[in-house]
1. Hey, among the residues in segment 44-62 that are more than 14 Å from T79 (Cα to Cα) and not hydroxyl-bearing (S, T, Y), which one's surrounded by the most Cβ atoms within 10 Å (Cβ to Cβ)?
2. Within segment 68-94, restricting attention to residues that are at pLDDT 95 or above and over 14 Å from the mean Cα position of the chain (by Cα), which residue is nearest to A16 (Cα to Cα)?
3. Residue by residue through segment 50-72, note down the ones that are within 14 Å of L11 (Cβ to Cβ) and either in contact with a His (Cβ under 9 Å, 6 or more places away or on another chain) or assigned to a strand (DSSP E or B) (or both).
4. Taking the stated definitions as given, is P41 surrounded by fewer than 17 Cβ atoms within 10 Å (Cβ to Cβ), of a type outside the set (S, T, Y), part of a strand (DSSP E or B) and at pLDDT 95 or above?
5. For segment 15-38, which residues satisfy the criterion of being surrounded by 15 or more Cβ atoms within 10 Å (Cβ to Cβ) and not in a strand (DSSP E or B)?
Amino acid sequence: MAPGELRSAHLHPNAAQLDYCISGNGEVGIVGPDGDHHVIPLHSGDAAFVPQGYVHWIENTSKAQARFILIATHERPETIEVQAINAAVPANQK
């Protein structure tokens, strides 16, 4: 990932995910179904676990290139983008 790059919020309804930092620094944000949220800092050698169905994102917080390995528990993980969900919900018109 480029410096400051962000992989926007999304979820995998059929897979959990492990994010492993190879180099650089980053943050993984996770929001659970009950609204609990966590931001986990990652440095080279660190990992974060994202449970199946949880909204999450990853950001390179380095001033240099960062490298991550993302491992899903399903061979074909489905991805739902939070931005697409928000766009599909009609605005509240009063």
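The values are calculated or read from the model by the stated rules, or taken from the named source; none is laboratory data. Quantities reported herein were computed from a predicted structural model and do not represent experimental measurements. No Cβ is skipped: glycine too gets one built from the backbone with ideal geometry, and neighbour counts run over all protein chains shown.
1. Just the residues of segment 44-62 that are more than 14 Å from T79 (Cα to Cα), to begin with: 44-49, 58-62.
Now narrow it down to the ones that are not hydroxyl-bearing (S, T, Y): 45-49, 58-60.
Numbers: G45: 9, D46: 14, A47: 14, A48: 22, F49: 13, I58: 26, E59: 19, N60: 23.
So, considering only residues that are more than 14 Å from T79 (Cα to Cα) and not hydroxyl-bearing (S, T, Y), the one surrounded by the most Cβ atoms within 10 Å (Cβ to Cβ) is I58.
2. Ranking the qualifying residues of segment 68-94, first place goes to T73.
3. Taking segment 50-72 first, the residues within 14 Å of L11 (Cβ to Cβ) are 50-58, 70, 72.
If the condition is that a residue be within 14 Å of L11 (Cβ to Cβ) and either in contact with a His (Cβ under 9 Å, 6 or more places away or on another chain) or assigned to a strand (DSSP E or B) (or both), then V50, Q52, G53, Y54, V55, H56, W57, I58, L70, A72 are the ones that fit.
4. Details: surrounded by fewer than 17 Cβ atoms within 10 Å (Cβ to Cβ): yes; of a type outside the set (S, T, Y): yes; part of a strand (DSSP E or B): yes; at pLDDT 95 or above: yes.
Taking the combined requirement at face value, the residue satisfies it.
5. Just the residues of segment 15-38 that are surrounded by 15 or more Cβ atoms within 10 Å (Cβ to Cβ), to begin with: 15-17, 19-21, 24-31.
Scanning segment 15-38 gives A15, A16, G24.
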